[in-house]
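Since the structure comes first, as structure tokens, the remarks are kept for the end.
Here, each number is a calculation from the coordinates, and none is a lab measurement. Keep in mind it's a predicted model, so treat the numbers as computed, not measured. When we count neighbours, we look across all protein chains shown, and the Cβ atoms used for this are built from the backbone with ideal geometry, even at glycine.
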Amino acid sequence: MTKELAIETTNLRKSYKGRTVVDGISLDIERGATFGILGPNGAGKTTTVEMIGGLRKPDSGAVSVLGLHPIRDRSRLRQVLGIQLQSALLHDALTAKELVDLYRSFYPNPRSTKETLGLVHLNEQRNTKFQKLSGGQQQRLSVALALVGRPEIVILDEITTGLDPTARRRIWATLESLRDEGVTVLMVSHAMDEVERLCDRVALLKDGRVLAEDTPAGITQMAEATNLEEAFVSLTGTEIFEGEAA
Amino acid sequence: MTTTQSHITARRPGPRSWGILIKSEAKTLARDYASLLLPLGLPLLVLLTSASMASSEAIGTDGFTAFEFYVLPIVLTMVFAYIGMLNMPTYLSYYRKSGILRRLGATPASPMMVLVSQIVVNALLSLIGIALALSVSFVFFDAVAPASALAVAGAILLVMVSMYGIGMIIASLAPTMNAAIALGIILFLGLGALGGMFGGRSILPEPLQEVSQYLPFGAASDLLAATWTGQPVEPTMIIPLVVAAGASVLISLAFFRWE
């Protein structure tokens, strides 16, 4: 008996101006799982999660998220899917509290503003304007806004890139509490320690294809490596550079 | 297949959400002093510097002076032109470039809500600008009340729609925020200069005078002057404004991008 799937993609393809970015990606992600997408730059990670989130239209292939079509059923999916985008800024003259108040008004049953800011430890900065927050605080607020609507599925793209160790650990704790609530988390990451610690399963992407998909331990074992980072390097043939995605 | 979840129903944000978004846009504008004060201050400056010269010269028999014929129409047009050509496109292209519209598109809200809220907030700012200019005109320069307040209100509405329309054209065509600002400044100063913003169209060379009445700024101030002083409204005062508004709808539909 297989578990219920939250996300299913079948043979997804996408190219930009003749360059193939996603080249036939099929993934099954179980409900309640924390699923990591890893890969070197240009592997098609962000494009893949954006197609799952209905922000980009695949050239071919199918996506089903909780039984919904991300583009056709867009407005239904938006109720239950929280997305944190890699590069999006927010209204930067508004304070953290004002931004949470704004985003929570979009959802029928949102978390309270206090709870939302508390999830990412920003209650003390609630009256600070977005533009005055540090990079890490902006990143955490952005994660909080993806969670404010009590989503059943969260997509997080590079949430801890450029964060200091304390800030990273805080976000990890937040993600672990989401898992306890049964939320399905799909995360794109460059940080192997993060993926190793948080993810139930990982898909390793390169050149728009899935190179391997397994538990972090399974992938490490498959590559005959001692940890995920070594496995990544040996499977993709790429070195990992600190902050390369920043 | 993932199982279809019948409990998920689409729900657009309601009036409360609209209210919060409009308030957020208003706060953003209120904290951006240049965009808040310039569209109020620049027209006032023109009003103060040209009013005292103009208000004594009587034109016609209804008591209207050059103040109502030239100064006030230019000043009112400036308020809408500044907000339409500079404030709105700058904000929209910034929101697009920074990913704010895209981020909102990932929530149940639609980026269209931001566009509408921007228009509402800028309309409010325009009304403040108009109220300020009119108060100063009546209190300090003995302005004569309009021949038909209703006609002036109608003219103001048409001017506002056409100036916002030009702003939407800028926001649709400018690829970056800097391009939007540059295009906005060129259009504001260029159309303004041809429309008499720098001291009356009579100082312009003859061919430019001829052209200027068919351009939105000149047509707008002619229309406001005619409705205020009870002169007949000519098609040339209406057509450029309607064309600008109509073109903006077509160009926005064809070229405006949310991201």
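So what is the 222 nm mean residue ellipticity for chain A from helices alone, if each DSSP H run of at least 4 adds -39500 (n - 2.57) and you divide by all residues, rounding to the nearest 500 deg cm²/dmol?
-9500 deg cm²/dmol
Please figure out what share of the DSSP beta bridges in segment A:103-246 is antiparallel and state it in percent, rounded to the nearest 5.
50
Which FRET efficiency value, to the nearest 0.05, is calculated for B:A123 and A:K17 with the Förster distance at 41 angstrom and r the Cβ-Cβ distance?
0.55
List residues of segment B:127-171, by number, whose backbone nitrogen lies under 18 Å from a label position 7 Å along Cα→C-beta of B:I238.
B:148-163
Roughly what % of DSSP beta bridges within the protein assembly as shown run antiparallel, to the nearest 5?
On the way: 22 of 39 bridges.
Percent antiparallel among DSSP bridges in the protein assembly as shown is about 55.
Highest first, please rank the peptides B:194-202, A:159-167 by the mean number of other Cβ atoms sitting within 10 Å of their residues.
Ranking the peptides B:194-202, A:159-167 by packing returns B:194-202, A:159-167.
Report the paramagnetic label zone for B:S52: residues of segment B:107-147 whose backbone N is under 17 Å from a point 7 Å from Cα along the Cα-to-Cβ axis.
Flagged as within label range: B:136-143.
Measuring from label point to label point, each 7 Å out along Cα→Cβ, what is the A:E30 to B:L45 span in nm?
For A:E30 paired with B:L45, the spin-label model returns 6.8 nm.
Any chance you could check the Cα centroid distance between segment B:75-128 and segment A:78-126 for me, in angstrom?
Their Cα centres are 21 Å away from one another.
Looking at chain A, identify the longest residue range that excludes and avoids all trypsin sites (Lys or Arg not before Pro) in DSSP loops having at most 13 other Cβ atoms within 10 Å.
A:73-246
Where in chain A lies the longest segment free of GluC sites (Glu not before Pro) that are both loop residues by DSSP (not H, G, I, E, B) and have at most 15 other Cβ atoms within 10 Å?
It runs A:5-180.
Just tell me which lysines come within less than 29 Å, Cα to Cα, of A:K97; anything on the same chain fewer than 8 places away is out.
Result set, ordered by chain and number: A:K114, A:K129, A:K132, B:K23, B:K27, B:K97.
Largest first and to the nearest Å, give the Cα extent of chain A along each principal axis.
Taking the Cα atoms of chain A, the three principal extents are 48, 42, 39 Å.
Determine the shielding of peptide A:106-113 by partner chains: average, over its residues, the number of Cβ atoms on other chains within 10 angstrom of each Cβ.
Values: counts 13, 6, 5, 0, 0, 0, 0, 0.
Per residue, the average neighbour count from other chains is 3.
How long, wide and thick is the protein assembly as shown, going by the Cα atoms along their three principal axes, in whole angstroms, largest first?
Sorted largest first, the three principal extents are 97, 48, 44 Å.
Taking R0 as 41 Å, what's the FRET efficiency between B:L157 and B:N178 from their Cβ-Cβ distance, rounded to 0.05?
0.85
Taking only the alpha-carbon positions of segment B:193-239 and ignoring solvent, what does the Debye formula give for the base-10 log of I(q)/I(0) at q = 0.16, 0.17, 0.21, 0.25 Å⁻¹?
Calculated log10 I(q)/I(0) at the listed q: -0.39, -0.44, -0.65, -0.87.
Which of the three applies to segment B:16-112, rounded, prolate or oblate, going by the alpha-carbon gyration tensor with a ≥ b ≥ c and a/c under 1.5 meaning rounded?
prolate
Name the helices (complete DSSP H segments) of chain B with a Cα length along the long axis of 27 Å or more and a Kyte-Doolittle mean of at least 0.5, or state none.
Sorted by number, the helices that extend far enough and score high enough are B:33-54, B:111-141, B:149-173, B:235-255.
Using 0.36 nm per residue of separation minus the Cα-Cα distance, give me the extension gain between A:N127 and A:K3 in nm, one decimal.
40.3 nm
Based on the Cβ-Cβ distance of A:D207 and A:H69, what FRET efficiency does E = 1/(1 + (r/R0)^6) give at R0 = 30 Å, to the nearest 0.05? Kindly include the intermediate steps, with their values, before the conclusion.
Details: r = 27 Å, r/R0 = 0.90.
Step by step, r from the Cβ atoms, then E = 0.65.
Below 11 angstrom from the Cβ of B:L215, what's the summed charge of the other residues (Lys, Arg +1; Asp, Glu -1)?
-1
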